[in-house]
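*Asks:* Would you mind keeping the following structure in view while I ask a few things?
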């Protein structure tokens, strides 16, 4: 394991990366605004669970395969892009449900398992997540470490657990605004459409991503 200063640097870098808005933050905030903090936190747990899959896969070399095999990267890239586009189109053309102000005592009815599952699949089917872990985590592994795979796994677990306070914070803040800001409440009927358009953009961007390991 890295020494304490290196570990603290690793955790701080993880917080900064998780504070950066992207598909994960969008998904958490979208669910929290519509269905309350609990739905946003479940979305965050689904996203983090998807990251765990990439951490375990990287520990046994699957992520390394993605960086060396153009076919493997391309296959997962297109599956992930198709999923993001599918989610985006569904959200873009969905019929808006009647607006109900979420409260902790009486939040709108929501299928939390579906919220979790979508967050999970969004990350599992994104090869850029796998490549991120492969590029970021090894920087904090000493070259003379006796069991690099184990250290990689432990650092990946720390990174994912370290992300939960940030993701839960996004969920709580989004739910807080949804309960208190009238402008947000009136605009929530457009939330699915805006989020859908952004997911389509993320999907198109992913589809056009080249394998950084290929010349």
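*Asks:* Obtain the nm distance between the two label points defined at residue 89 and residue 49 by a simple spin-label model: each point lies 7 Å from its Cα along the Cα-to-C-beta direction.
*Replies:* A separation of 2.6 nm, rounded to one decimal place.
*Asks:* Between residue 16 and residue 176, 0.36 nm times their residue separation minus their Cα-Cα distance comes to what?
*Replies:* 55.4 nm
*Asks:* Next question, about the same structure. Cut-off 19 Å, label point 7 angstrom out along Cα-to-Cβ of residue 139: give me the residues of the range 1-23 whose amide nitrogen falls inside.
*Replies:* Once the point is set 7 Å along Cα→Cβ of residue 139, 1-22 turn out to lie under 19 Å by backbone N, inside the range 1-23.
*Asks:* Then there's this: Could you tell me whether the range 119-160 comes out rounded, prolate or oblate from its Cα gyration tensor? Rule is a ≥ b ≥ c as square roots of the eigenvalues, rounded for a/c under 1.5, then prolate if a/b exceeds b/c, otherwise oblate. Don't skip to the answer; put the middle values down first.
*Replies:* Details: a/c = 3.06, a/b = 2.19, b/c = 1.40.
Note, shape of the range 119-160 comes out prolate.
*Asks:* Between residue 4 and residue 82, how many nm apart are label points set 7 Å from Cα along the C-beta direction?
*Replies:* 5.1 nm
Throughout, read-outs are computed from the coordinates displayed, never taken from laboratory work. Computed from a prediction, not measured in an experiment: that's the story for all the values here. Cβ sites come from the backbone with ideal geometry, for glycine too, and all protein chains shown count toward neighbours.
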